[in-house]
Structures are given as structure tokens and as C-alpha cells.
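Derivation of every value follows stated rules applied to the coordinates shown; laboratory data play no part. If you're wondering where the values come from, they're calculated on a predicted model, not measured in any experiment. Glycine gets a Cβ as well: all are built from the backbone with ideal geometry, and neighbour counts include every protein chain shown.
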Amino acid sequence: MGAALTLGTVPPAAALPTLVPCSVTALVDAVEDANTAGGGDLLLATGCTYTLTAAYSGEDGLPPITSDIDILGTGTTITRSATAPDFRLFHVAATGDLELSVLTLSGGSVTGNGGAVLNEGDLTVNASTVSGSSADGQGGGIASTGTLSVDAASRITTNTAATGGGGILTEGTATLRASTVDRNQVTGTAALGGGLLNDGGTVTIEASGIASNTATADDGSGAGIATVGGTVTVNLGVVEGNRADTAPGGISNDGGTVTLTLSPVFGNTPGNCTGSPDPVPNCFN
């Protein structure tokens, strides 16, 4: 008798991404459907600008992310209309996991935290730009209390916050890899962290630049990076050209731990780390 041929189990085919036409209504519907389905991949229209003119609810321009959703663009922008009421673009709920790739997010504006994105779950920004957004509180670009990853030549730029974290506020875990945080600002009295404010969280910065951020209102400091408690580790990074009203201009450490490895801090005003409430080892002025 011939040998029996045993076939292995054929794995199910991977689900195809949902193609989202160049329409805000189509984008809202796609996010709602992905949430309902427990997750999904959305492929946005190439070169499209999705301009939001009204909030979905409260201060959220799109439906809150409550499941695992990946959104991929190709030269695609999601923005708030300049004439629209104030709202952010994305809100990642505690149960949500959002990955944004090859996108630009711009023009978000809120009275609280997180001008473009408020993250309470997991947020990954890949090869994307977050720009031109503002918060009357903290985190002009991104405010995160969950897990944040900014990767693959992403850029957080030209965002504004009143009280802290012009580019990024993190109170959870944040990792920046091969990315740039630049030209962000904080505008309030004694505001901290024109580029990045770490409020008791854990931040790892690898091969990334923190540059040309400002904290120039009265008593503003830590224009590049400010940490209040928590830890900041910088490997092969650069902190340069940031400008504050009060020293230090580069990195301010208040009750936390900052570790610099092969990471120059230079050209910041006034001073790089001198004036920090607690030491920043290996930072020279």
C-alpha cells in the first residue's frame, strides 16, 4: 500500500486592509467599523488631505480608538480646518492600540492636553509628522499617559502648549528612535519642556534629535527636555539649539534621573544643563 499523504493545516489568509476613500465621512465610518470588529488595518487614499470641520464628540475629531487599529497613508494628511471649533485629531482610549504610518497630522487644538493626539493606551508613530497643533494645557503635539513609540524618521514639530511639553508630554513610557522633536514651544509662565516634558514616566531616546525648541516666557526652562521625576535615557542623541528664559536651556532634571550616553548637549541658551534643580551627568557647559 502506498504511503498516505498528510497535508498540514492551511493557515487562514490575512485580512486585506480596508481602503478608505478621500472623504472624512469614509474615514469616520472606517474607524467606527474597525472598533466594532475588534481591530483592523486602514489604507488611506494616496495624497489625500482629510480635513475635519467638526468634532466627532467632545474634543475628539475622530471616533476614539478602542481596539487595535493600524492606519497607513502615502503622502496623506489628516488636519483640522482652521475655521473649525477646537478639537484634537485622535484619542486613543485605554483599550486602544493605534499605529500611524506615513501620515501627517496637523492643526489640532484643545483646551486640555494633547493637541493632535491624546494617548491613554498604546500609540506608535512611524515615518510620520505631527505638526502645527496646540494645547492650552500640556502636550501640544502628543500627550501620553500610556505607551508611546515615535519611530522611523518621524518628526514632532511646530507644536505649542501653554504649560508644558510643547511637542510631547509623557506620563507613561515613551521611546523615540531615529526621529526628531524640533521647533516646538511652551508659552506659559514657568512652563517646562519646549520639546518634551516627562512627568514621572520612563523615556528612552535613541539616535534622535531634540532641537530648536523654546520656553521663552517668564521663568520658562528646560526648553529641550524637562523631567519631573521619572527617568530619561538618551543614547546616541543630540540636544542642541534650544532656548529658554531661565537656565537651563537644554535639559532640566527635577527629582528624576537622566542618563546621557554618547549624546552631546550643546548650543542651548542659557546654558545646556547648568541651573537644573538636580544634576544631569555628562552634560557639559
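One table, with the values for the structure above:
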quantity	calculated
For Ser263, net neighbour charge (Lys/Arg +1, Asp/Glu -1) across residues whose Cβ lies under 15 Å away	-1
Convex hull per residue volume in Å³, alpha carbons only, for region 183-274	68 Å³
Value of Rg to Rh for region 134-255 (Rh from inverse mean 1/r over Cα pairs, i.e. Kirkwood)	0.92
Estimated D of the chain in µm² per second, where Rh is the Kirkwood radius over Cα pairs and Stokes-Einstein applies at 37 °C, 0.692 mPa s	173 µm²/s
Formal net charge of residues neighbouring Val24 (Cβ-Cβ distance under 14 Å; K, R +1; D, E -1)	-2
Ellipsoid semi-axes in whole angstrom, largest first, where each is sqrt(5λ) of the Cα gyration tensor of region 86-146	17, 14, 8
Centre separation in Å (Cα based) which lies between region 169-226 and region 44-62	27 Å
Hull volume in cubic angstrom per residue (convex hull over the Cα atoms of region 50-155)	81 Å³
Per-pair calculated FRET efficiency, R0 = 25 Å: Ala152 and Asn282 via Cβ, rounded to 0.05	0.35
Helical contribution to [θ] at 222 nm, DSSP H n ≥ 4, -39,500 (n - 2.57), averaged over the chain, rounded to 500	-1500 deg cm²/dmol
